[in-house]
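**Q** Sharing a structure here in C-alpha cells format.
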Amino acid sequence: MSLTAAETRVFHFKVDSYSWARKVADVGQCFQSETFSVGGCEWTVRYYPHGVPFNSRSAPSIRLVLESLPATVRHITVRFGCVQVQVDEEPSVAAESLHMCSPQRIAYFRDERSLELRLDHGRLVAAGKERDCFEVLCKVCVLRDPI
C-alpha cells in the first residue's frame, strides 16, 4: 500500500493503421480513448499523429486529459508515463520498467487540463513497417495531497 499514491493504473492502447492516421490527421487533430477512472477522476488519452497545435516540432504525442474532477478535490498531482511496446509484448512486463515523469500538477492547454508526452517518430515508423501499427503502455498515478 502506498502512502502517497491514491491510485495507480496501467492502460494498453493500440494504434492500428499508423500510416493512415498520419495521412488523415492534421496538426492538432487526435484520436481519443474511451473515458476511464483513476483516483476518483475521469480521464482520456489522446494520440496526436502530428503533435498538438502551436508546436513547431509536430512530433507525435500522447496527452493525458483530465475530463472531470470531483467537486471535493481542490487540486490534483499526477505522474504519467508512456512507452512504446511491441504489439505482442505483455503489458505487465513493460509496466515494471516504465519510466515515469516527475509528479506534476495538471497543466492547462487551451481549454483542457492535461499532461503531454512526445513519442519518437523514428521508432514508430520503424516499428510500423512490418505491421503498420504500434502499442503504447500508459501508467497513470494520481498522488494524494498531504493532510
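The values are calculated or read from the model by the stated rules, or taken from the named source; none is laboratory data. Just so it is clear, the structure is predicted and the values come from calculations on it, not from any experiment. Here the Cβ positions follow ideal geometry from the backbone for every residue, glycine too, while neighbour counts run over all protein chains shown.
**Q** Given the criteria more than 12 Å from Cys138 (Cβ to Cβ), part of a strand (DSSP E or B), out of contact with any His (no Cβ under 6 Å at 6 or more places or on another chain) and at pLDDT 75 or above, does Glu67 qualify?
**A** Working: more than 12 Å from Cys138 (Cβ to Cβ): yes; part of a strand (DSSP E or B): yes; out of contact with any His (no Cβ under 6 Å at 6 or more places or on another chain): yes; at pLDDT 75 or above: yes.
For Glu67, the condition - more than 12 Å from Cys138 (Cβ to Cβ), part of a strand (DSSP E or B), out of contact with any His (no Cβ under 6 Å at 6 or more places or on another chain) and at pLDDT 75 or above - is met.
**Q** Can you give me the number of residues within the range 2-31 that are at pLDDT 80 or above, part of a loop (DSSP other than H, G, I, E, B) and either among the β-branched types (Val, Ile, Thr) or touching an Asp or Glu at 6+ places or on another chain (Cβ under 7 Å) (or both)?
**A** Within the range 2-31, residues that are at pLDDT 80 or above, part of a loop (DSSP other than H, G, I, E, B) and either among the β-branched types (Val, Ile, Thr) or touching an Asp or Glu at 6+ places or on another chain (Cβ under 7 Å) (or both) number 2.
**Q** Would you mind stating whether Glu34 is of a type in the set (D, E, K, R), under 15 Å from the mean Cα position of the chain (by Cα), part of a loop (DSSP other than H, G, I, E, B) and modelled with pLDDT of 85 or more? Lay out the reasoning, then the answer.
**A** On the way: of a type in the set (D, E, K, R): yes; under 15 Å from the mean Cα position of the chain (by Cα): yes; part of a loop (DSSP other than H, G, I, E, B): yes; modelled with pLDDT of 85 or more: yes.
Criteria met by Glu34.
**Q** Turning to a different aspect of this structure: Here is a check on your reading of the model: is Val45 in a strand (DSSP E or B) and either touching a helix residue (DSSP H, G or I) at 6+ places or on another chain (Cβ under 6 Å) or at pLDDT 70 or above (or both)?
**A** Working: in a strand (DSSP E or B): yes; either touching a helix residue (DSSP H, G or I) at 6+ places or on another chain (Cβ under 6 Å) or at pLDDT 70 or above (or both): yes.
Here the answer is yes, as Val45 does meet what is asked.
**Q** Taking the options Val78, Val73, Val87, name whichever one is of a type in the set (A, V, I, L, M) and modelled with pLDDT of 75 or more. Can you show your working first?
**A** Numbers: Val73 fails: modelled with pLDDT of 75 or more; Val87 fails: modelled with pLDDT of 75 or more.
Checking each option against the conditions leaves just Val78.
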